[in-house]
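Every number here is computed from the coordinates shown, using simple stated rules; none is lab data. All values derive from a computational prediction rather than experimental measurement. Here the Cβ is made from the backbone with ideal geometry for all residues, glycine too, and neighbour counts use every protein chain on show.
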Amino acid sequence: MGKIQKLETLTALQIAAGEVIDRPAAVVREILENSIDAGASQIKIELFNGGVQKIILTDNGCGIAKEDLELSVERHATSKIQKITDLNDLTTLGFRGEALASIAAVARLCITSKPIEQEVAWQIKTDGLNRHQSSPSSGLEGTRIEVEDLFYLTPARRKFLKKANTEYTKVDAIIKKISLANLSFNLVFSNDNKIVRKIPLATSLKDAKDRIAAILGHDFSDQLYFGESELPEIRKIQAWIAHPKFSRARSDLQFIVLNNRVIKDPAISNAIKRAFEDVMMIGRYPALVLYLTIDPSIIDFNVHPTKEQVKFQDPQLITRAIVKFLKQHIQEILSIKSSIHESLMQETPSMDFQNIQSMSPTKVSRPQENISYNQLSPKPEESTHDMLGNTYQATSYKSPFVELSSPKPPLPQVSNNHHQKTQAVSLAILQNWLLHFLSVAAPKWNVDNVLQRKVVFDFLFSFLDQ
Ligand SMILES: Nc1ncnc2c1ncn2[C@@H]1O[C@H](COP(=O)(O)OP(=O)(O)OP(=O)(O)O)[C@@H](O)[C@H]1O
Ligand SMILES: [Mg+2]
């Protein structure tokens with residue numbers, strides 16, 4: 001007598017949904033990524049009781065057509081890919097066609113949407129396997145997603161949830177990560193009817209810094225330098241790097257963004273550690289946001305339901321490029337005389353990020369390669385080559401800073417005065433010596449010697465200032 005039986009549809013759906021949706025933060029991740037894929041520039045997220053009671057997202061993206069509404073909540077239904085090879089030039093955050101179906105399997109879902117070309121908004125509601133037929137509804141252009149009573153059909157799962165405040169914190173962390181990785185929308189986030197975060201859209205480097213401040217705080221953003229390189233082996237690396245003096249006891253201010261996703265990758269984290277080892281005390285972690293733009297055909301995001309992990313065709317190629325890039329920029333940061341002085345002498349120094357731009361020999365501005373992604377109006381495709389000899393179509397993939405441009409900073413004024421020149425050279429020599437001292441000797445000192453270090457620096461800088 002056979003023992004195998006097919007699971008009921010809802011049970012199978014709920015098991016599959018468990019991989020994608022485990023808590024309110026996962027719901028927010030999925031619906032926020034959908035809004036970004038839809039090209040939204042205005043997004044509002046409202047959370048009630050940590051998201052367990054209700055989550056509402058409103059966007060002004062491209063919307064879902066009336067005839068697609070029912071399909072949008074079916075498993076394996078997506079507008080983003082058609083065949084497996086489409087993953088090779090993936091330009092969107094979603095691709096599985098699973099998120100809305102998973103949410104529908106574990107919560108009550110209501111979608112109201114109005115694409116620009118549709119006269120009125122239409123709405124669909126789900127309750128378990130039931131679909132309340134789509135019907136005309138009032139609504140502005142864009143999409144409104146309401147997710148209510150998370151895990152109401154699976155009380156056992158609901159018990160795993162933490163207190164509302166803990167769930168809220170996890171939602172906030174996801175919003176922060178996604179907003180760091182994608183800069184093209186304004187976001188307002190409220191918790192129990194109170195606005196807790198406003199994140200401004202970024203269209204310039206200065207805006208990007210303001211956005212980072214809104215996400216990670218001014219303490220962090222005030223320490224940041226921007227650097228970028230276009231490298232054949234990796235397409236593009238950009239980073240906001242905090243002065244090595246601004247180190248952390250944990251790696252909580254280290255973000256790795258790959259093609260608009262914040263990822264976790266031990267090999268890249270290790271590369272960051274190696275790059276900073278000469279300037280960071282043991283047990284301390286640098287703070288930075290690293291943006292990698294890599295040809296999608298040499299990476300695979302389809303390895304984990306949260307898409308936070310990635311497989312690289314040649315991981316060493318990537319990590320070597322990162323170490324080289326970071327080491328070079330760390331040297332530049334340390335070689336800015338005023339920054340050394342300010343950062344070591346002041347508690348909360350403020351750096352002019354344009355300094356790092358003017359000093360960055362690797363910063364290449366090639367406007368013709370600035371491929372901007374806009375789902376509604378993709379730019380014509382271009383073809384290019386990578387270091388592996390692969391030819392690939394430059395997809396409409398968007399680098400986070402690709403559209404950001406800032407006026408070239410003025411070149412430093414060179415003095416004609418002979419005395420001033422000699423002084424500048426002497427200062428430069430002293431500075432180099434200090435730099436060497438800073439990068440080689442000082443980091444080896446342990447924490448107990450901080451006072452001793454301060455005394456020596458105080459002396460050296462007072463000498464330099466004379
Ligand atoms: N806010 C939105 N605006 C416009 N279209 C949307 C929105 N949310 C979802 N959609 C549409 O519904 C479809 C299904 O969304 P769903 O999140 O389930 O799948 P996906 O994004 O394609 O893939 P993944 O499961 O990897 O997220 C999407 O492909 C998209 O066409
Ligand atoms: Mg999705």
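Values for this structure:
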quantity	calculated
Any hit, the stretch 40-55, residues being over 29 Å from N165 (Cβ atoms) and within 12 Å of ligand 2 (Cβ to nearest atom)	no
Out of L32, L69, L13, L57, sole residue that is within 18 Å of G142 (Cα to Cα), within 14 Å of ligand 1 (Cβ to nearest atom), over 27 Å from the mean Cα position of the chain (by Cα) and buried (at least 17 other Cβ atoms within 10 Å of the Cβ)	L69
Test: E30 is within 16 Å of ligand 2 (Cβ to nearest atom) and of a type in the set (D, E, K, R)	yes
Subset of the stretch 105-158 (residues that are among the small types (G, A, S) and either within 16 Å of ligand 1 (Cβ to nearest atom) or in contact with a helix residue (DSSP H, G or I) (Cβ under 9 Å, 6 or more places away or on another chain) (or both))	A105, A107, S113, A121, G128, S134, S137, G139, G142
Single condition D37 does not satisfy, out of (1) surrounded by fewer than 18 Cβ atoms within 10 Å (Cβ to Cβ); (2) touching a residue at least 40 places away in the same chain (Cβ under 8 Å)	(1)
Some residue of the stretch 37-48 being in a loop (DSSP other than H, G, I, E, B), under 15 Å from F189 (Cβ atoms) and either of a type in the set (V, I, T) or within 10 Å of ligand 1 (Cβ to nearest atom) (or both)	yes
Residue, farthest from I45 (Cα to Cα), within the stretch 189-205, restricted to residues that are touching a residue at least 60 places away in the same chain (Cβ under 8 Å) and of a type in the set (A, V, I, L, M, F, W, C)	L205
